[in-house]
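Working notes, beginning with the structure itself.
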Amino acid sequence: MGNKLTLNINNLIDIKPDKLIGLYQDKVNKIYNDIEEKRAVGSDDWMGWRMLPINYDQKLLTKMQEQVSKWNKLGITKLVVIGIGGSYLGAKAAIDMCYKSIKNVTIEWVHNISSDYIDGLCRKLAKQIFGIVVISKSGTTLEPAIGFKIFKDLLAKFVGPSNVNKYIVAITDANKGTLLQQAKHSDWCTLPIPDDIGGRFSMLTPVGMFIMMYAGLNWKQMLLGAKDAYKDTISSNLEINSAARYAAIRHYLYTNKKYAFENVNFYDPHLLALGEQWKQMFCESEGKDKKGLFETCSLFTTDLHSLGQYFQDGTRNFYELTVLVTKPNKEIKLNFKNDEHFEYLNNKTLDFVNKAAFNGTIAAHTNEGKVNNIVIEIEHSDEYNYGYLSMWLSMVVTIDAYLLGVNPFNQPGVEAYKKGMMSNLKK
């Protein structure tokens, strides 16, 4: 288990912590009171995620474990996860981040409708047994409906139409919807999407949890991390609640300093899917009424050899946030003995070099580039820290959206594209 998250704001240029607290404490107090009294828009219907790690349904946990056991006995080592947006991003972020826990299982993610991408997966999985997890609250969202039909038919060709049903898990509405009716008719295993938890907040519901369990992640540690984050964000006091403090910083830099972008940096490719989840959480929650920061993500040191030039000397319309893992799962010692060019690195670790790049980048971007830099530190890339981050981020985006004056839980712009697509398809 890793230590709790640390928010380092020593490299903020545009505002001092004491001024931030003075500007925002009353506003954050009001948001917490409005949530408690169910006055905040959406808080009465869409904040089921807040108490989830405290009151997790034990029968549901048992059902998920039993289904994992059934599939293990069937020898399923390949999984096709069909979903879009929040229906897959949380699970992928957790599995990539907690790579050291993954057992001998391969997961393919069906999250778009590219012909070439789907064709590649079909070729890869042809004449093989695999499990299918289809995630859709209604069953009528077009992309997962198409993906499910293609891969269900592919599997049925190999195992036979009468046998395919035992290889399918449908994660959907508990009481209604097209997918639920199909599941009942065909006797698929079903797992519920709670009515009071939206897609981008659903990573610890069966939407994410079942896939994480099947991959071998320690779900108990994940829930413990989320529970600890709940406790650490239950107070509105900005001095002790780092989620509220980060939300206030975001709001100040956007509204007072007119920054347009927040660029999130990672120093480990295993965290890139977390960056995708970060983009969805903030853009879909806050990008409304012509408001909101635009989220971008970078992988360092890789992108320091391309985007790094812009970060150092380009338009000053952004600030940076770095998510740093302080202790790697594996230390790799370098051997440059008797190498005249790199002997100074002999017996140093690869993580030592990576941290040197991090410290050098922070100093260059802040001191010379005059870019605000925030750092989130977590000790380990593991289940506890993913659970903590997922709850912490959910609280950040909720507070920040309310500071902006928008509903954190709807996505009217997404619905607009769906209408346009369906109109074109039906012409």
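Here is a check on your reading of the model: is GLY86 part of a helix (DSSP H, G or I), closer than 21 Å to MET222 by Cα and of a type in the set (Gly, Ala, Ser)? It would help to see each step written out before you state the result.
Values: part of a helix (DSSP H, G or I): yes; closer than 21 Å to MET222 by Cα: yes; of a type in the set (Gly, Ala, Ser): yes.
Answer is yes for this residue.
Conditions: (1) within 17 Å of MET203 (Cβ to Cβ); (2) open to solvent by less than 20 Å² (accessible area, probe 1.4 Å); (3) at pLDDT 95 or above; (4) out of contact with any Phe, Trp or Tyr (no Cβ under 6 Å at 6 or more places or on another chain). ALA94 meets all but one. Number of the miss?
Exception for ALA94: condition (4).
Does ALA183 satisfy the criteria of being more than 18 Å from the chain's Cα centre (by Cα), under 24 Å from ASN72 (Cα atoms) and not in a loop (DSSP other than H, G, I, E, B)?
Criteria met by ALA183.
Are any residues in segment 187-222 among the basic types (Lys, Arg) and closer than 19 Å to TRP46 by Cα, and if so, which ones? Full working, then the answer.
Residues of segment 187-222 that are among the basic types (Lys, Arg), as a first pass: 200, 220.
Of everything in segment 187-222, just one residue is among the basic types (Lys, Arg) and closer than 19 Å to TRP46 by Cα, namely ARG200.
Looking only at residues that are of a type in the set (D, E, K, R) and open to solvent by less than 10 Å² (accessible area, probe 1.4 Å) in segment 234-271, which one is farthest from THR398 (Cα to Cα)? Give the derivation first.
Within segment 234-271, the subset of a type in the set (D, E, K, R) is 239, 245, 250, 257-258, 262, 268.
Of the ones still in play, those that are also open to solvent by less than 10 Å² (accessible area, probe 1.4 Å) are 250, 262.
Details: ARG250: 12, GLU262: 17 Å.
This residue is GLU262.
Let me confirm something: among ASN335, ASN347, ASN354, ASN359, which residue is without any contact (Cβ under 8 Å) to a residue 24 or more places away in the chain, among the polar types (S, T, N, Q) and assigned to a helix (DSSP H, G or I)? Working first, answer last.
Working: ASN335 fails: assigned to a helix (DSSP H, G or I); ASN347 fails: assigned to a helix (DSSP H, G or I); ASN354 fails: without any contact (Cβ under 8 Å) to a residue 24 or more places away in the chain.
When all the criteria are applied, what remains is ASN359.
Any residue in segment 231-250 that is closer than 15 Å to SER390 by Cβ sitting within a Cβ distance under 6 Å of a residue that is open to solvent by less than 30 Å² (accessible area, probe 1.4 Å) and of a type in the set (Phe, Trp, Tyr)? List the pairs, counting only those 6 or more apart or interchain.
Pairs found: ALA243/TRP392.
Considering only residues that are among the small types (Gly, Ala, Ser) and open to solvent by 10 Å² or more (accessible area, probe 1.4 Å), look in segment 137-159 and name the one that is farthest from ILE84 (Cα to Cα).
If we take residues in segment 137-159 being among the small types (Gly, Ala, Ser) and open to solvent by 10 Å² or more (accessible area, probe 1.4 Å), then ALA156 is farthest from ILE84 (Cα to Cα).
Assess whether SER162 counts as being part of a loop (DSSP other than H, G, I, E, B), of a type outside the set (A, V, I, L, M), without any contact (Cβ under 8 Å) to a residue 12 or more places away in the chain and more than 13 Å from VAL81 (Cα to Cα).
On the way: part of a loop (DSSP other than H, G, I, E, B): yes; of a type outside the set (A, V, I, L, M): yes; without any contact (Cβ under 8 Å) to a residue 12 or more places away in the chain: yes; more than 13 Å from VAL81 (Cα to Cα): yes.
Judged against the criteria, SER162 is a match.
Can you tell me which residue in segment 362-384 is farthest from GLY308 (Cα to Cα), limited to those that are open to solvent by 30 Å² or more (accessible area, probe 1.4 Å) and in a helix (DSSP H, G or I)?
Going through the qualifying residues, I end up with ASN367.
Going through segment 119-136 one residue at a time, which ones are under 16 Å from ILE76 (Cβ atoms) and either under 26 Å from the mean Cα position of the chain (by Cα) or open to solvent by less than 30 Å² (accessible area, probe 1.4 Å) (or both)?
LEU125, PHE130, GLY131, ILE132, VAL133, VAL134 - these are the residues of segment 119-136 that are under 16 Å from ILE76 (Cβ atoms) and either under 26 Å from the mean Cα position of the chain (by Cα) or open to solvent by less than 30 Å² (accessible area, probe 1.4 Å) (or both).
Specify the residue that is nearest to the chain's Cα centre (by Cα); the eligible residues are those in segment 22-37 that are loosely packed, with under 14 Cβ neighbours inside 10 Å and among the acidic types (Asp, Glu).
GLU36
Take the residues in segment 389-412 that are part of a helix (DSSP H, G or I) and open to solvent by 10 Å² or more (accessible area, probe 1.4 Å); name whichever of them is modelled with the lowest pLDDT. Working first, answer last.
Looking only at segment 389-412, we keep the residues that are part of a helix (DSSP H, G or I), and these are 389-404, 412.
The next check asks that each one be open to solvent by 10 Å² or more (accessible area, probe 1.4 Å); those that pass are 402-404, 412.
Numbers: TYR402: 98, LEU403: 98, LEU404: 97, PRO412: 86.
Once the filter is applied, the top-ranked residue is PRO412.
Can you pull out every residue in segment 160-196 that is over 28 Å from ASP116 (Cα atoms), open to solvent by less than 30 Å² (accessible area, probe 1.4 Å) and in contact with a Leu (Cβ under 7 Å, 6 or more places away or on another chain)?
Once the filter is applied, which keeps residues that are over 28 Å from ASP116 (Cα atoms), open to solvent by less than 30 Å² (accessible area, probe 1.4 Å) and in contact with a Leu (Cβ under 7 Å, 6 or more places away or on another chain), segment 160-196 yields only ASP173.
The values are calculated or read from the model by the stated rules, or taken from the named source; none is laboratory data. Every value quoted in this text rests on a predicted model; they were computed, and no experiment measured them. Ideal geometry is used to build each Cβ from the backbone, glycine not excepted, and the neighbour counts take in all protein chains shown. What goes into the accessible areas is simple: the full protein's heavy atoms, side chains included, and nothing from ligands, DNA or RNA. Shrake-Rupley method; radii C 1.70, N 1.55, O 1.52, S 1.80 Å.
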